[in-house]
Every structure is written in structure tokens, then in C-alpha cells.
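Shown next, in C-alpha cells, is the structure this report addresses.
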């Protein structure tokens, strides 16, 4: 019995202890009126013009290549300016095919006769700009070219090797076919190619040179999602039958003309090859204005990471040349430049704008030019200010504005630069409070 | 019996989980006094001295004299409170552990050594204030929060000595210890796309230290009467800022506290207890100022205990009590006071033949605190569990 009672008491103690620990949840918050909180604080906003927080703004270009974009571009006098042509390289024609002979048996045929073919181009109907049916032309390129560095005027543009097209714009070409695409009817156009046209790409060198797709209709810009080549074959083991064989595209890119002219001193981000805008932070340690700020918190006011609750870089959008105005949202990023002396090839630090970056609607660079775009810099500035007081911490002072995905598109973002009437601003929200005391 | 005990304990645990309590008064001075009393003393409205039988109470160092067995005691105290200030009402809750104690009788010396950890000042509270501020041309909602987390406890080693059959003396030596972290947080309700705002936060932490000593005497002039008294002296309570704390240190002068109490057997099984406590709080240069203090703090109370009820041969006392106290730290320039009525019960699991003892006590108090524009009503439960054996 004694053991029973003792067990009961111990069990009770454990149960009570458990209950006591469970009871630790508290709700002590009081929101009653009255000035019960023993600390007062002031929150103010300050906007610093570019010259007061940064310097040495530079625009660097050449990041990424057109071949990295998921779409090609075809344009002709788009906005009276832009010409673009999509180039595609093919792998060699198939040497054999698995076909059914007259007896019904499947056999490999190595004596193929190509009697014709077709190239199918598929477009992005949403992002493409065309008022009506568009006439397009397909031609066979006659010159070797490098998909990674090809431009409107150069077949190869790499260090120590620059070669020009015989004719600017990836020419000359052997005309193969023309076709008309009506955006209202479908998302693709088919170019029929006769046997003579198919013969143009019959050897692997010619196939590698590939095809050029251009617009005949003026004032259009089309985004090419894919180009495929299909050959019509007459097999030797069953000449009464025609077989379609696909030819894989080896590479697809585009060339355009002219290169966009951007405003001197503007902040440019994006495009292909992409631009980045780089500047160095020169944040003041002490604020002596503006007067409204000083009236509230007193000046000079020493900036501290503790009082900084928000920091944003404010940019004002401007319209780029019409041919390069965005037709879809752009995603901007801000990243620290880790070795500014190695620009434009300096490595960059982690994103300051978050994993998804800052999305900017395309209208900001068209009808809504002059809109405010805000990039968060709070965590970075907190480190920068703390780094000033703790010299052991090295915080990069140079920042790069760039596209989150680079390259993203032919179009690009443009913002008013430091010398413009709408220079970039650093928007700070500061809370200045009393110290927490015991008495 | 096992079922009854299990149901009661589970019920108490459930009550504790949803409990609310404590006081806005804790935001003043050194906080809200947290007396190291067990559930029996609470139910009787006692100031913690002069109770019949033996007890493990830091407020009465002689009370452990005559303790027959080594024992362990834990007290849990959930609280629910409703505060009213300037037409606003708020509900708050909290749970405290005001007393943990161990005693060990030294039979050769007719004395008992005790170790107690008791509450002294509770400094856990939290306030919120909602307002707005103008940023550029936009009105932005602002939420200010002030959090105080921590408190001061007393660790005390004591000795209770029986002198003859009727007299016992007790001595306790110990130290105050604890810490408090005070945090102010301002959160802005900026909803502008692309603008990230982090809360403004300032935080400071202090660590408390101080010495204390208490002396108590208990005298039973007759079989039906017990008289007792204690005096507790404390050195100044020192608050040292921890690294990274902006605020400076502080020294708080603590008063000598006197408690007297008496218990008398009115009839078989019915006992009355009465008690009185006094502490004269004085301002100190490095601590609390005169305007912070109520000065003389009196507390008095009493109650009745009925021990004539048994549950399957186990003693099951019932208790009622009342108590009125003044509190040491002013609120809005007014001296606060606390009035409460209490009731409780106990269950002693005792088998004298096998010399195993254990039990629990429960008290439930309904109280009211007033200080100028502030009125608080509260329910406070106290549960003490003890186990003793050899």
C-alpha cells in the first residue's frame, strides 16, 4: 500500500509539473490608454539626392548573348528603326531511315532521295507586334558564322577573330521560300521548300550555315519561339511512298540593327547583350538636412544602423527608343560588386532585392514613363553603416543594377540619371528613440 | 482516490494553461511584489507567519522547525486579470512559480535545514500603443510595444531550530538574483509596394544581485495558541547593465520587512490565523525616487482553517481568508492597494505507519487592485504540491 501511495504522489508531482510547464503560455499585452510606455520615439523620412549618397555612375554593356534568349526576333523597320533577323543552324541531313518495304517489313534504307521539305516557324502571338498578315522570307545563309558572337555586321566577333558578313544583316542568302503569317489565324507559318531548295543544305557545311528568317512586311516585330525543318523523302526500298524526316536545329539566334542609342547619363538595365549600371555608395555619416528632418530630430544627426528601419533606392523611369520599349515586365536586381577594379568582369554578391527581384511593368517605359521604381536597400545599408563603425567588417560600396535574368530580352529598362531633373534618390525611414532605462 | 487526485491535477493543469493574470502595476518601480507563499497561506489570507503545524515558508524561517521528514515543495500560480483605465479594458494572464523549497531535518540537532527559491518582484509585463505618423504625405499606422521580461527572486538557505517544546527560532541567509530585459519595438504599417520596413528595436538587460537575511521566532504559549514573528533585512539591490546595454546601473534600497502572525484553535478542528506585515520603502539616490514610492507598506489578513474533514481517512482541510495590502510602487501618482478574499482546500496523503507523506493545497483568490484611474480585478489560483519521505 505504501508503494501504491508513493507512486501516486510521484505521478501527481509529475502531472503537476507538466501542467505547470504547459501553463507557461502568457498574454501580458496591455493596450490601455494612457502614456504607460516609458520610451518615446520619432519616425521620420529623409530623401537624399544621388549626389549626397553615391558617386561614379557608369553603364557597362556586353553581358550575355542573343543565343541565350529563348526566342529569336524578326523585325523590319519596327518603329521606323529596328531590323532583326533570326538565324538557325541545322544538323546534317539523316543518312538513313527506318521504312516499310512493299512486303510490309520494316528495314533500314540508306539510299534516301529528298524531294522537298518545309520549315515551320512558330511565333509568340502575345509579345509579337504586327497589325495584320506578315510576309516572311526564308533564305539559306552562304557564310559560316558563330552562333555565340554573330552580329548584324560580323559573322564572328571574338577576341582576335572578327569577320564581317559579305552583306550586312547575315547576307547574302539563297532565297528559298516566302510565306505569309496571319497572327489572327495561327501561331505558325510554313515555308514550302522544293527539291532544289532542300539540296542547298544537303552537305553538312551548308546545313551548319543554316537559314535566315526575315520579315518583308515593314513595321513588325515578331518573337520566334521555334524553327523546325522537315524533309520529304522517297526511300529506295519503297519508291511509291513518301516519308517525312525531321532535322534538328543545332542553334538559333538573331541579329539586329541598329544598336540602341541611350541617353547620356541614363541608368540602363537589360537588353541583349545586357547593360548594367554601376555606382559607388558614399553615404554620409551625419545628416545635416533637410530642414524638416532637422526640425524633428535635430541636426547634425548621426546615422546609425539601429535607427534605420527602411532604405530604398528610388528611380524614375524614362522611355527608351520606341523600338526597344519593353513589351513585358522586367525584373530588376541590385547586387554588390565584389571587386570593382575588375569591372566589367567583377564577381557580384548576393541579391539585395530578394529572390524574385523587383518587377517593373512595361508601361513604366511607355505611357507611364516617369513612374517611381523602388529597390530595397535596407539590410545592405544597415551593414554599410555598421561597417563604418566596426572597421573589421568590409562591406562592398559599389552596387550594380541589373536584370534578374540576364539577358532577358532585346528591350531594356531606362531610368533618369544623376544629372537629370529626376535623379535617383535614397529614401530613408529613421526611428529615433530614447534609450531603454531601468528607472 | 487515485482517480480523484488525477482529475484534480489534470483540471488544475488545464486551468493553468489558459490562465491570465499579473498586473499593469508591475510596470512601476521594481515590479509587482511576488510573495513566496504557498497555497495554504494564500487561502488563509495569511502574511506567511504563525501558521499551525510546520511549513516551508521563506517568510517564516522558524516554521520548518519540527519538520518530521525531508520534503520537497513546489508552488504554481496562474492568474487572470482585467484592467480598466480611462474607459479602456484589457485582459492579461500569466503563470508564476512563487516558491520552490527543500527541507531536511537534522534529528541529532533538533533542527531543520532549508533551501528555498522564492519570488520577490515580478517584472514580466508588456504594453502596446497604437498611433499614426506622417511620412512624406502619407499617414502610416504605428504600433509601439514595450516588453519587460524577468524579475527578482530570492535564494535562501535557512536553519530552523527547536528549543524545547514551545519555542523555535529560524535564520535565513541568501541573495536576491535575477535579471530583466526591457525591449522597445516600433513597427510601422507601411504598405507601399517595394518598400521594406523592419521594426525599430532597442533592448537593454540588467542583472540583479543583493544579500538578504531573515530571523524568525515561533512560540506556542499554549496548546491552542501560536505566536510568531520575523524580520527580513536586505542590502541594496544592485542592477548591473549587461554588455550592449545603453542604460546605466542602479542601486535600490530595500526596506527591512516585519511580519507577525498568530494562530489559535477556536474549537476542535477549527483554527484562526491573523497576520500583519510592514515594510517602509525609502527613496535612494541611485534607485527609486520619492515620487515612485508609496512609503509605508502595510498588509494584514486572516482566515479560518477547518481540519475536521477526512477523505478515506486522509485529512482534507478547508480554508477561507481575507487580506488587504498596500503595494510599494505608485501608479499615476497614487498609492495602490490590493484587497482579496480567498478560499482553498488541501489533501494530505499521509500514512503514519509507513512514514510517507505527501499532499497538495489549492487556493483560489478573487482580488481587486486600485491606483487612481486604474482598477484591476483578478482571479489567482495557487497550487502547492509537496512530497516528503525518508
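Brief remarks on what is shown
- Any chance residue A:85 is more than 24 Å from the chain's Cα centre (by Cα) and on the phi < 0 side of the Ramachandran plot: no
- The residues listed here are A:169, A:116, A:139; of these, the one that is crowded, with 17+ Cβ neighbours inside 10 Å and more than 19 Å from residue A:73 (Cβ to Cβ) is A:116.
- For region A:381-393, the condition holds for no residue, the condition being that it is within 30 Å of residue A:221 (Cβ to Cβ) and in contact with a strand residue (DSSP E or B) (Cβ under 6 Å, 6 or more places away or on another chain).
- Residue match in region B:295-308 (condition: buried (at least 19 other Cβ atoms within 10 Å of the Cβ), farther than 17 Å from residue B:273 by Cα, under 21 Å from the mean Cα position of the chain (by Cα) and touching a residue at least 12 places away in the same chain (Cβ under 8 Å)): yes
- Residue B:124 satisfies every condition listed in (1) at the interface with chain A (Cβ under 9 Å from one of its Cβ atoms); (2) more than 23 Å from residue B:237 (Cβ to Cβ); (3) touching a helix residue (DSSP H, G or I) at 6+ places or on another chain (Cβ under 9 Å) except (2).
- Single residue of A:369, A:379 found to be outside any strand (DSSP E or B) and under 21 Å from the mean Cα position of the chain (by Cα): A:369
- Selected residue (only one of B:228, B:235 is surrounded by 17 or more Cβ atoms within 10 Å (Cβ to Cβ) and touching a residue at least 12 places away in the same chain (Cβ under 8 Å)): B:228
- When restricted to residues that are more than 7 Å from chain A (Cβ to nearest Cβ) and touching a residue at least 40 places away in the same chain (Cβ under 8 Å), region B:191-212 contains 5.
- Checking residue A:96 against (1) under 30 Å from residue A:362 (Cβ atoms); (2) in contact with a strand residue (DSSP E or B) (Cβ under 7 Å, 6 or more places away or on another chain), the condition it does not meet: (1)
- Filtering region A:336-366 to residues that are away from chain B (no Cβ under 14 Å) and not in a loop (DSSP other than H, G, I, E, B) leaves A:336, A:337, A:340, A:341, A:342, A:348, A:362, A:363, A:365.
- Residue in region B:241-261 that is touching a strand residue (DSSP E or B) at 6+ places or on another chain (Cβ under 8 Å), facing chain A (nearest Cβ under 8 Å), closer than 23 Å to residue B:297 by Cα and modelled with pLDDT under 95 present: yes
- Among residues of region B:123-163, those that are closer than 16 Å to residue B:183 by Cα and either free of Cβ contacts under 8 Å to residues at least 24 places away in the same chain or assigned to a strand (DSSP E or B) (or both), counted: 14
- A count restricted to region A:400-424 and to residues that are assigned to a loop (DSSP other than H, G, I, E, B) and within 19 Å of residue A:49 (Cβ to Cβ) stands at 9.
- Check on residue A:375, within 14 Å of another protein chain (Cβ to nearest Cβ), crowded, with 20+ Cβ neighbours inside 10 Å, farther than 30 Å from residue A:127 by Cα and in contact with a strand residue (DSSP E or B) (Cβ under 6 Å, 6 or more places away or on another chain): no
- Scanning region A:40-65 for residues that are within 14 Å of chain B (Cβ to nearest Cβ) and surrounded by fewer than 17 Cβ atoms within 10 Å (Cβ to Cβ) yields A:40, A:42, A:47.
- Of the residues making up region A:172-198, those that are under 30 Å from residue A:115 (Cβ atoms), exposed (fewer than 15 other Cβ atoms within 10 Å of the Cβ) and out of contact with any strand residue (DSSP E or B) (no Cβ under 7 Å at 6 or more places or on another chain) are A:182, A:185, A:186, A:196.
- Residue B:302 vs. criteria in a loop (DSSP other than H, G, I, E, B) and more than 14 Å from chain A (Cβ to nearest Cβ): no
- Answer from B:190, B:198 - the residue that is at pLDDT below 95 and touching a helix residue (DSSP H, G or I) at 6+ places or on another chain (Cβ under 7 Å): B:198
- The residues of region A:108-155 that are assigned to a strand (DSSP E or B) and free of Cβ contacts under 8 Å to residues at least 12 places away in the same chain amount to a single one, A:154.
- Each residue in region B:58-101 was checked for being farther than 30 Å from residue B:129 by Cα and without any contact (Cβ under 8 Å) to a residue 40 or more places away in the chain, and 1 of them qualify.
- Given (1) over 19 Å from residue B:73 (Cα atoms); (2) within 14 Å of chain A (Cβ to nearest Cβ), number of the condition residue B:296 does not satisfy: (2)
The values are calculated or read from the model by the stated rules, or taken from the named source; none is laboratory data. Owing to the predicted nature of the structure, the values given are computational and were not obtained by experimental measurement. Reconstructed Cβ throughout: ideal geometry from the backbone, glycine too, with neighbour counts over all protein chains shown.
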